[in-house]
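Right, one structure below, let's go through it.
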Amino acid sequence: MKDELKEILISEEEIQNKARELGSEISEQYKEAFPLFVGVLKGALPFMAELIKHVDVHLELDFMDVSSYGNAMVSTGEVKIIKDLNTSVEGRDVLIVEDIIDSGLTLKYLIELFHYRKAKSVKVVTLLDKPDGRKVDLVPDMSGFTVPDAFVVGFGLDYAERYRNLPYIGVLKPEIYEG
Ligand code: 5GP
Ligand code: MG
Ligand code: MG
């Protein structure tokens with residue numbers, strides 16, 4: 001798989017170190033709470049797994065699957081719930097765990113949904129932020145790395161469902177998605 005990448009942007013070790021940093025920051029922020037971590041499937045799964053190892057407070061996990069992309073690389077702007085939470089967010093301190101924020105449309109939708117469902121607080125931690133892709137005004141509360149406006153894969157991020165299992169983040173060679 002590695003030979004299908006043009007370059008590696010973020011190594012496995014850098015991701016692990018960042019997860020540790022973010023984990024302690026989160027532990028500090030939720031000291032008095034019992035937060036509900038909401039992972040956005042499927043991309044946030046590896047980051048969620050790495051992050052929670054370093055969070056030193058009691059927490060609850062849940063997952064949501066939303067779609068705005070299909071297998072395309074450009075956002076359609078539509079957000080569709082594929083799988084909803086099993087847990088009620090009412091009165092809860094919700095932390096949304098994301099793989100990457102690009103246009104911000106997915107997160108804007110989720111944040112508004114959780115406020116509408118009467119969450120006590122809603123915050124966002126993302127592994128990657130791509131600020132150049134933004135279509136709505138949205139700044140994550142915590143972010144691991146800023147990436148350039150390129151299509152990245154690995155550590156949960158897919159291209160047509162592949163590459164999620166790479167332990168690092170990279171950029172595909174153009175010939176891979178040009179066919
Ligand atoms: P947004 O709604 O912020 O535009 O993007 C949300 C989702 O689009 C992300 O959670 C991710 O699943 C997908 N996405 C955005 N940018 C990239 C990218 O560079 N690579 C991959 N693989 N997925 C991306
Ligand atoms: Mg995502
Ligand atoms: Mg995807």
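Structure notes:
- Note on the range 17-48: among residues that are among the aliphatic types (A, V, I, L, M) and within 16 Å of ligand 1 (Cβ to nearest atom), the one that is farthest from residue 83 (Cα to Cα) is 48.
- Looking only at the range 53-72, and only at residues there that are within 16 Å of ligand 1 (Cβ to nearest atom) and either modelled with pLDDT under 85 or surrounded by fewer than 16 Cβ atoms within 10 Å (Cβ to Cβ) (or both), the one that is farthest from residue 159 (Cα to Cα): 65
- Filter result (under 19 Å from residue 35 (Cβ atoms) and either of a type in the set (S, T, N, Q) or in contact with a Pro (Cβ under 7 Å, 6 or more places away or on another chain) (or both)) within the range 95-129: 95, 121, 124, 125, 126
- Selection from the range 146-179 of residues that are of a type in the set (Phe, Trp, Tyr), crowded, with 17+ Cβ neighbours inside 10 Å and not in a loop (DSSP other than H, G, I, E, B): 159
- Candidates 151, 155, 114, 145 - the one that is at pLDDT below 95 and aromatic (Phe, Trp, Tyr): 151
- Single condition residue 86 does not satisfy, out of (1) surrounded by 15 or more Cβ atoms within 10 Å (Cβ to Cβ); (2) more than 14 Å from ligand 2 (Cβ to nearest atom); (3) closer than 23 Å to residue 121 by Cα: (1)
- Some residue of the range 95-112 being away from ligand 2 (no atom under 16 Å from the Cβ) and more than 25 Å from residue 134 (Cβ to Cβ): no
- Test: residue in the range 94-111 that is out of contact with any strand residue (DSSP E or B) (no Cβ under 7 Å at 6 or more places or on another chain) and more than 13 Å from ligand 1 (Cβ to nearest atom): no
The values are calculated or read from the model by the stated rules, or taken from the named source; none is laboratory data. These figures come from a predicted structure and were not determined experimentally. Because the Cβ atoms are built from the backbone with ideal geometry, glycine has one as well, and the counts that use them run over all protein chains shown.
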